[in-house]
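A.B. asks: Structure in structure tokens, see below.
The values are calculated or read from the model by the stated rules, or taken from the named source; none is laboratory data. Fair warning: this is a prediction, and the values are worked out from it, not measured in the lab. Note that we place each Cβ from the backbone using ideal geometry, even for glycine, and neighbour counts take in every protein chain shown. Heavy atoms of the whole protein, side chains included, go into the accessibility calculation; ligands, DNA and RNA do not. Shrake-Rupley method; radii C 1.70, N 1.55, O 1.52, S 1.80 Å.
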Amino acid sequence: MLNDNEDYESMFDRKYQTLLNENYQSLLGSPDDPDVWIKRVSIAVDYDEFGEESKLIETFAEVHPRCYLFWYYRRWIVEKIGSNPKAITYELKFTKKILLTKGLRNYLAWSHIQWCINEFNPQLWLDELQFCHRILKEDKYNVWAWDQICRVVVLLPKFRRRYLSSDKEITFAKKAICAQPGNEGPWIYLKILCADNKKRLYTSPDLECIYVDVLAEAAYRLKSTVELDPSYKVPYASVDNRGCIHALNLIVDLMVLGYQADRNTRLVEAVDFLFDKYCCSLCTCDRGPVLIQMLNSGISRKVHALMRSFDASRIRYCYMYKESTEFHKIDTVDKPFETVILDIPVCCVIPSQLQGRLNTNLDCFITSLCQEHKVFSDVLNSNSESHLGWRSQLYERLCDCYLQKWKGREIAEDDTLEDLNWALRQFVVNRIGTSDAASAELDYTMGIIKEDAYNRHAWSHRQWVFQTFRGGWVDEDGAEIEFCRKILNDDSCNSFAWDQRYFVVTRWIPIISSMEPGGDVVSEEVSKLKKMVEHHMNREIDYAINVIGSEPENQFPWSHIYGVRHVYPTSSFFAPKVLDAILSVLKGARDCVLGLDAHGGLMGSDKHVASLVNARGVMNALRYLSDIFSNRRGIAEIDPDDARETEDVLKVLCPKYFLKRYAWEIRIPDRTYAIMEHLRKGMAGHGLLWENAADGYGFRFIE
């Protein structure tokens, strides 16, 4: 009898193994077909070996790691297994293996980790810190890793929060900001870490220097560039605009809490200089002088004005930019601010102990420069007649740069003085002023960037060379764009490579202006120039859309499209292409909603839908969609059939009964704004209530 039972069980196993294998082959061919997955659910229920099924289905993730139905099925399997500690540990290990081997930016895998921990053991959140640090070391701009590390702080149970070293994590965030000020993730993380004591961000000198240093560095670099070339017209080539936006945004939030920004000498000087170069030069209307006089009455007004002036055409797609309720408020107090006596005197003398270090640094710099290219060794070599004269000028320049940036303060021993060395390079190349020197610098910066693609000094120096020595240069042969493409192929979130692409685009502005009525170009040439310009603009749009297709959560291609449109606003071919990209993202969300049979769309209470949809990608798509439909020209360029298709997709994502407050006809923008507002609540940092000065955790997440 026992043998009969064993034979029956063996036959039973073989039968279900065959059914599961046949279904697996169907899944490989149709991974997004809900019916095939439903069939597998019924087989797995009859088989009733969920632990074994968990291992059988793992190989599917190796082939289709971004299939939302797989991860939904995976959750179902884990729920059937139950809260077995070993099973949960194994599940987390498997998911992290997929992340490490199949792409670190797989939002479905990150979401699965979050679901496992929240559902079965919230104490495991603390263990995620080390994993997030590991990922961020490899991928500094990974928005999902930053989102995860923020959730560790927010969702960690209170009784385990004492094991979280906030000082250590603040140091981690600070180092990340100092290394890449334009990276939004560490700024959000810093705010969350300090959410229970927000005023610490300006009462602690060690934290105050984070945002002050970013603005002081920007002012120093811009000042250094303008001194060499007063006619320099591309300020964002020298300034990390995104970093400045993040710093200014934090300052606005802190001023609401009582931060007296005008008490910090370095901050006041930096804001004053940036305001003078950015805002004053932009106020060309009749009321310009009046506006400048009003804004000059206090640092609060200048900070708000600066935020609107930093690369405004692209910075709209910065997440933090839109979220501060205080951001859109302009201080309209008529009474001028009282003059504040600055606390810290500016030192104009170099300490004697530092002079030796500066001299040593200068000698090393000259030796290195002479070894790079003959054009430099001919004038700087110690055997040349001009050596002493050059050395004297360079030392004077080095001292000036030091006093501008450090104001006589001590420089840390581990500071490599890299920024000072780049200022010296700029000085040398500008004084030599030959095409050979310019070519040598372009080759040098290309080599530096290939080794360190996030070296902002090399990127800005490269733009400076193009602007200063190449006159009316445009990238007709596409060589510079190709260089940027290779960098972005390795890391599509490299903000400096995207900025360089946009810099190349802006070089076409004089040609575009010449084609307008009353321009400098004769009518016979306009058609030829227009065709050439449209070819290059089309190439940029196509490239950005291609990146969006694989990474809709990446904000840089979206902002690039917006920037290109700003440069070439008369184009008629942008809107249909961009709308197709938007619809592709939204249709992916719609298919997820329909595949999971979620009647409430994205707005309902189904937690699985909210976590299986690429919320950041949908937000980016909806943000651009709202721009199109809030612009008359944008609406005119949209085909009516495309508009109807867009409306049909939005109806699935946001059913009518979630829009009760709209009494009249529900339009596309109405649903767009409603979905954005709903999704925003579940993103890291979007729920920060910084306008409330009361202590306590002022954030919220959809769990």
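A.B. asks: Sum up the charges of everything whose Cβ sits under 14 Å from the Cβ of ILE77, counting Lys and Arg as +1 and Asp and Glu as -1, but leave ILE77 out.
C.D. replies: -3
A.B. asks: If contacts are Cα pairs under 8 angstrom and at least 6 residues apart, what is the relative contact order of the stretch 25-112 in percent?
C.D. replies: The normalised contact order for the stretch 25-112 reaches 28 percent.
A.B. asks: Mind counting lysine pairs for me in the stretch 114-178? Cα separation below 24 Å, and the two need to be 8 or more apart along the chain or on different chains.
C.D. replies: The number of close lysine pairs in the stretch 114-178 is 7.
A.B. asks: Now a separate question. From the Cα gyration tensor of the stretch 12-86, with a ≥ b ≥ c the square roots of its eigenvalues, which class applies: rounded if a/c is under 1.5, or else prolate if a/b is larger than b/c, or else oblate?
C.D. replies: Since a/c reaches 1.5 but b/c is at least a/b, the shape of the stretch 12-86 is classed as oblate.
A.B. asks: Moving on to the next point. Based on Cα positions only, what radius of gyration and what Dmax would you give for the stretch 443-551, in angstroms?
C.D. replies: Expressed in Å, the Cα Rg and Dmax of the stretch 443-551 come to 15.4, 47.
A.B. asks: Further, regarding this structure: Just going by the charge dipole of the stretch 399-498, with Lys and Arg at +1 and Asp and Glu at -1 on Cβ, which of ASN489, PHE466, TYR454 is farthest out on the positive end?
C.D. replies: Toward the positive end, the furthest listed residue is PHE466.
A.B. asks: Enter the accessible area of MET307 (Å², nearest 10), with the probe set to 1.4 Å and all protein chains included.
C.D. replies: Result for MET307: roughly 0 Å² accessible.
A.B. asks: Could I have the simple spin-label model distance between TYR395 and SER514, label points 7 Å from Cα toward Cβ, reported in nm to one decimal?
C.D. replies: Calculated label separation equals 4.7 nm.
A.B. asks: Please give the per residue accessible area of the stretch 437-576, computed with a probe of 1.4 Å over protein heavy atoms only, in Å².
C.D. replies: 41
A.B. asks: Something else about it: Roughly speaking, to the nearest percent, how much of the stretch 528-577's 1.4 Å accessible area is carbon and sulfur?
C.D. replies: Exposed carbon and sulfur together represent 56 percent of the surface.
A.B. asks: Carbon and sulfur together cover what percent of the accessible area of the stretch 18-93 at a 1.4 Å probe radius?
C.D. replies: 53
A.B. asks: Also, I was wondering about something else. Loop-only check: which chymotrypsin sites (Phe, Trp or Tyr not before Pro) in the stretch 87-172 are DSSP coil with at most 16 other Cβ within 10 angstrom?
C.D. replies: TYR163
A.B. asks: What's the extension gain from ARG200 to SER435 if we count 0.36 nm per residue and subtract their Cα-Cα distance?
C.D. replies: Stretched fully, the ARG200-SER435 segment lengthens by 79.5 nm.
A.B. asks: For the stretch 161-208, count the residues as N, evaluate 2.2 N^0.38 Å, and divide the Cα radius of gyration by that value, please.
C.D. replies: 1.09
A.B. asks: Right, next: In terms of solvent-accessible area of protein heavy atoms at a 1.4 angstrom probe, what is the ranking of LEU250, LEU388, highest value first?
C.D. replies: LEU388, LEU250
A.B. asks: Please work out the C-alpha center-to-center distance from the stretch 132-198 to the stretch 456-490 and express it in whole Å.
C.D. replies: Spelled out, the Cα-based centre of one part sits 33 Å from the other.
A.B. asks: Rounded, prolate or oblate for the stretch 409-495? Axes are the square roots of the Cα gyration tensor eigenvalues, ordered a ≥ b ≥ c, and the cut-off for rounded is a/c under 1.5.
C.D. replies: Since a/c reaches 1.5 but b/c is at least a/b, the shape of the stretch 409-495 is classed as oblate.
A.B. asks: Further question: In the stretch 441-480, how does Rg compare with the Kirkwood Rh, expressed as the Rg/Rh ratio over alpha carbon atoms?
C.D. replies: Expressed as Rg/Rh, it is 0.98.
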